[in-house]
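Chemist: Below is one structure. I have some questions about it.
What follows is calculated from the coordinates using simple rules that are stated; it is not laboratory data. Remember, it's a predicted structure, so these values are computed and weren't measured experimentally. As a convention, Cβ positions derive from the backbone with ideal geometry for all residues, glycine included, and neighbour counts pool all protein chains shown.
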Amino acid sequence: MKIRLLFLSVALSGFVSATSELVEFSDPSYRARYQQLITELRCPKCQNQNLADSNSPISLDLRNEVQRLLEDGLSNQEIETYLTNRYSAFILYRPEVNKNTYLLWISPLIVLLVGGLAVARFSRRSVSVTKRQEIANDNNERLNNLLSDEEDD
């Protein structure tokens with residue numbers, strides 16, 4: 001029984017130590033900035049995960065780099081600029097609006113505009129088809145009335 005308990009405690013201790021990352025800062029205010037930065041920066045390897053969620057080695061290195069830059073007294077903007085210069089704007093989840101990212105920011109508006117125009121055009125088309133059918137039905141009815149009047153004569 002004691003051997004099983006010992007084995008279980010050793011096995012569970014590995015999970016506990018693997019899930020918590022302890023980062024020490026000289027100033028407690030750095031912790032909130034650190035958390036904000038690692039959730040806003042993308043892992044270059046994982047691409048769809050931020051630095052906080054990624055377990056890749058480069059993500060660990062970047063978290064250490066962010067910690068070091070915070071300790072060096074850099075602002076959040078300076079840290080983002082430093083990492084962007086090193087890894088390109090891809091590392092930012094919300095890239096800045098500039099000439100290189102303009103299409104990225106405006107493309108949802110273009111898609112909505114094109115979709116709205118397509119819906120408007122198709123709705124007009126269906127209305128005009130309905131009107132044409134009504135006119136054709138009216139003409140057919142009038143023609144049938146005229147033909148039935150001629151047959152009566």
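Chemist: So who's got an amide H within less than 5 Å of the one on Leu92, skipping anything under 5 residues away but keeping other chains? H placed 1.01 Å off N, in plane.
Modeler: Arg42
Chemist: Taking the highest mean first, how do the peptides 71-81, 109-119, 29-39 order by number of other beta carbon atoms within 10 angstrom per residue?
Modeler: Peptide ranking by packing, descending: 29-39, 71-81, 109-119.
Chemist: Enumerate by residue number the chymotrypsin sites (Phe, Trp or Tyr not before Pro) in the stretch 68-97 meeting two conditions: DSSP loop (anything except H, G, I, E, B), and at most 11 other Cβ atoms within 10 Å of the site's Cβ.
Modeler: Passing both the DSSP loop test and the Cβ count: Tyr93.
Chemist: Here's a follow-up. If I model a spin label at Leu147 and Leu60 as a point 7 Å from the Cα along the Cα→Cβ vector, what separation in nanometres do I get?
Modeler: According to this spin-label approximation, the distance is 8.7 nm.
Chemist: Mind checking the full-extension length gain between Glu71 and Lys45? Use 0.36 nm per residue of separation minus the Cα-Cα distance, one decimal, nm. Please report the intermediate quantities before stating the final value.
Modeler: On the way: separation 26, 0.36 × 26 = 9.36 nm, distance 2.52 nm.
Taking 0.36 nm per residue and subtracting the Cα distance, the gain is 6.8 nm.
Chemist: Hey, another quick one. What is the dipole size for the stretch 22-96, taken about its Cα centre, with +1 at each Lys and Arg Cβ and -1 at each Asp and Glu Cβ, in debye to the nearest 20? List each step's numbers first, then the result.
Modeler: Details: 8 positive and 11 negative charges, 51 e Å.
About 240 debye.
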